[in-house]
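Please read the structure below before turning to the comments.
The values are calculated or read from the model by the stated rules, or taken from the named source; none is laboratory data. Predicted model, so just to flag it, every value in this text is computed and none were measured. With ideal geometry, Cβ positions are generated from the backbone for all residues, glycine too; neighbour counts draw on all protein chains shown. Accessible surface is based on the protein model in full, side chains and every heavy atom, while ligands, DNA and RNA are left aside. Shrake-Rupley method; radii C 1.70, N 1.55, O 1.52, S 1.80 Å.
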Amino acid sequence: MVFDMQEKVVRCTAMTRRPSTADPRAKSPTCGYVYQRKGDRTVRATASWQISWAAQGQSGTVAMTRASTRQLPVRELLAVNVRPNS
């Protein structure tokens, strides 16, 4: 998979489905990206396969590519540490 994140192109050779119970702030175990600036983005994902087949004495390969885009709002989260009064 190739993801054009608009800030950077990310190539993933392995991806792991994130469990629904996972902390949404946790890093991806196999492939991820953290935006450096907030703003709306159009992300393009492209999947490519090389399919090999054989049947009844015939064989061959077929290349296949599929792509899709999605709008992604990127917002900023800030954490503020406050030191209690001593």
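A few points about this structure:
- A crude spin-label estimate for the pair residue 53 and residue 31, with each label 7 Å from Cα along the Cβ direction, gives 2.4 nm.
- Paramagnetic label zone (point 7 Å from Cα along Cα-to-C-beta, residue 63; backbone N under 16 Å) in the stretch 1-27: 1-2
- Expressed as a fraction of 2.2 N^0.38 Å, the C-alpha radius of gyration for the chain is 1.67.
- Taking 19 Å as the cut-off, the amide N atoms of the stretch 38-58 that come nearer than this to a point 7 Å along the Cα-to-beta-carbon line of residue 2 belong to 42-51.
- Surface composition of the chain: carbon and sulfur make up 51 percent of the accessible area, probe 1.4 Å.
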